[in-house]
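Heads up: the structure comes next, in structure tokens.
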Amino acid sequence: MIRAKLFKGLTTGTMKMRTFYDDEKVKFTYPQACCYCGTTEKLSIDHLIPRIKGGEDHSDNLVWACRSCNSSKGERDLLDWYQTKDAFPSILLLRRYTKLVARYCDQHALLDTLLADAIQQTLPFQLQMLPYSFPALNTLQLWVPVRKQECNH
């Protein structure tokens, strides 16, 4: 119901999606750590939407990732990668990813396209992977807890 109201508000122009400013504040507020596992060791930059699939080198699309998670994710869609790990992304990471998807769809005039038709297009992400249901609220994480030791994948 919330998603339906948000969609209606976005498409009618009565609501606006907030900018990436809030997400950028998270990068500066939280310690430098892998956004996937929380380790602070061997960090690199990862593209949420991989460059090979059209992801841009804009700060909106860049996050800290340890080499292990970055390598494990590779060129895969963020949500597909999480599904193969039988995990669910943190709320702030999912919000950032969803904003990237929404902005892309807006810029490419896909917001009025039926989901079934949009999925058939070549997109830099997998629309069908966007969650329709969520784990129990008490299991969701706002952000990944920071760990000092190295990630073991």
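The values are calculated or read from the model by the stated rules, or taken from the named source; none is laboratory data. Here the structure is a predicted model, which is why all the values come from computation and not from measurement. Here the Cβ positions follow ideal geometry from the backbone for every residue, glycine too, while neighbour counts run over all protein chains shown.
Across region 134-153, the qualifying residues are those that are closer than 25 Å to Gly55 by Cα and exposed (fewer than 15 other Cβ atoms within 10 Å of the Cβ), and the one among them that is modelled with the lowest pLDDT is His153. Here Asp46 meets the list (1) farther than 19 Å from Val146 by Cα; (2) of a type in the set (Asp, Glu); (3) out of contact with any Asp or Glu (no Cβ under 8 Å at 6 or more places or on another chain) almost entirely, failing just condition (1).
For Ala4, the conditions (1) closer than 27 Å to Phe134 by Cα; (2) modelled with pLDDT of 75 or more; (3) not β-branched (Val, Ile, Thr) are fulfilled apart from (2). Of the residues making up region 83-98, not a single one is free of Cβ contacts under 8 Å to residues at least 40 places away in the same chain, touching an Asp or Glu at 6+ places or on another chain (Cβ under 6 Å), surrounded by 12 or more Cβ atoms within 10 Å (Cβ to Cβ) and closer than 17 Å to Asp46 by Cβ. One residue stands out among those in region 42-70 that are among the polar types (S, T, N, Q) and either touching a residue at least 40 places away in the same chain (Cβ under 8 Å) or touching a strand residue (DSSP E or B) at 6+ places or on another chain (Cβ under 8 Å) (or both): the one that is surrounded by the fewest Cβ atoms within 10 Å (Cβ to Cβ), which is Ser44.
More than 21 Å from Pro145 (Cα to Cα) and charged (D, E, K, R), is that true of Glu41? Against the criterion (more than 21 Å from Pro145 (Cα to Cα) and charged (D, E, K, R)), Glu41 does not qualify. Collect the residues in region 18-41 that are over 21 Å from Asp106 (Cβ atoms) and either modelled with pLDDT under 65 or out of contact with any strand residue (DSSP E or B) (no Cβ under 9 Å at 6 or more places or on another chain) (or both), keeping them in residue-number order. Across region 18-41, the qualifying residues are Lys25, Val26, Lys27, Phe28, Thr29, Tyr30, Pro31.
If only residues of region 86-133 that are hydroxyl-bearing (Ser, Thr, Tyr) and at pLDDT below 90 are counted, the one that is farthest from Pro145 (Cα to Cα) is Tyr132.
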